1. Which is surrounded by fewer than 14 Cβ atoms within 10 Å (Cβ to Cβ), under 22 Å from residue 89 (Cβ atoms) and of a type in the set (D, E, K, R), of 51, 20, 6, 40?
2. Read through the list (1) in contact with a Phe, Trp or Tyr (Cβ under 9 Å, 6 or more places away or on another chain); (2) part of a loop (DSSP other than H, G, I, E, B); (3) more than 13 Å from residue 59 (Cα to Cα), then give the number of the only condition that residue 42 fails.
3. Could you grab me the full set of residues in the range 11-59 that are touching a residue at least 24 places away in the same chain (Cβ under 8 Å), within 30 Å of residue 86 (Cβ to Cβ) and among the basic types (Lys, Arg)?
4. Given the criteria surrounded by 10 or more Cβ atoms within 10 Å (Cβ to Cβ), touching a strand residue (DSSP E or B) at 6+ places or on another chain (Cβ under 8 Å), closer than 26 Å to residue 93 by Cα and not small (Gly, Ala, Ser), does residue 35 qualify?
5. From the set of residues in the range 51-69 that are outside any strand (DSSP E or B) and closer than 19 Å to residue 38 by Cα, which is farthest from the chain's Cα centre (by Cα)?
6. For the range 30-39, enumerate the residues that are of a type in the set (A, V, I, L, M, F, W, C) and assigned to a loop (DSSP other than H, G, I, E, B).
7. Tally the residues that are assigned to a helix (DSSP H, G or I) and surrounded by 10 or more Cβ atoms within 10 Å (Cβ to Cβ), restricting the search to the range 73-88.
Amino acid sequence: MVAIEEGTGKELAVKLELKENNRNSLKYEADIYQLLAGEEGFPKFYWYGSEGDYNVLVIELLGQNLEGLLQLCEGRFTLATTFVLAKQMVIVCLIISWPELKRFILKVCCTEI
């Protein structure tokens with residue numbers, strides 16, 4: 001979802017998650033964005049909290065997501081794009097300690113088997 005910041009007119013990305021979900025993945029995502037503050041290529045963190053039945057994350061809107069960009073590139077990224085993405089992944093791994101990264105991956109990315 002896109003929202004407009006009052007006063008500046010800047011477009012912001014708003015992500016919603018039902019509180020009843022119990023995964024609380026937006027909280028972990030908010031923590032990651034705060035750790036990445038100021039790093040090139042990552043959105044600026046604005047706010048995380050609850051409103052009504054939802055957990056809400058507000059971040060800078062950078063543009064299309066990777067899936068949209070991949071579609072624009074007809075399903076293949078160039079080698080240069082792949083290196084840029086790899087660099088960002090390495091930055092994430094260096095900024096976040098490995099135990100925190102492991103916990104994040106297990107809680108957000110993996111489903112119970």
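Rule-based calculations on the coordinates, nothing more; no lab input. Note that the coordinates shown come from a computational prediction; the quantities given were computed from them, not determined experimentally. Methodologically, a virtual Cβ is constructed for each residue, glycine included, from the backbone with ideal geometry; neighbour enumeration extends over all protein chains shown.
1. Result: 40 is the single residue among 51, 20, 6, 40 that is surrounded by fewer than 14 Cβ atoms within 10 Å (Cβ to Cβ), under 22 Å from residue 89 (Cβ atoms) and of a type in the set (D, E, K, R).
2. Only one criterion is unmet by residue 42, namely (3).
3. 15, 23, 27
4. Taking the combined requirement at face value, the residue does not satisfy it.
5. Among residues in the range 51-69 that are outside any strand (DSSP E or B) and closer than 19 Å to residue 38 by Cα, the one farthest from the chain's Cα centre (by Cα) is 63.
6. Hits for the range 30-39 are 36, 37.
7. 8
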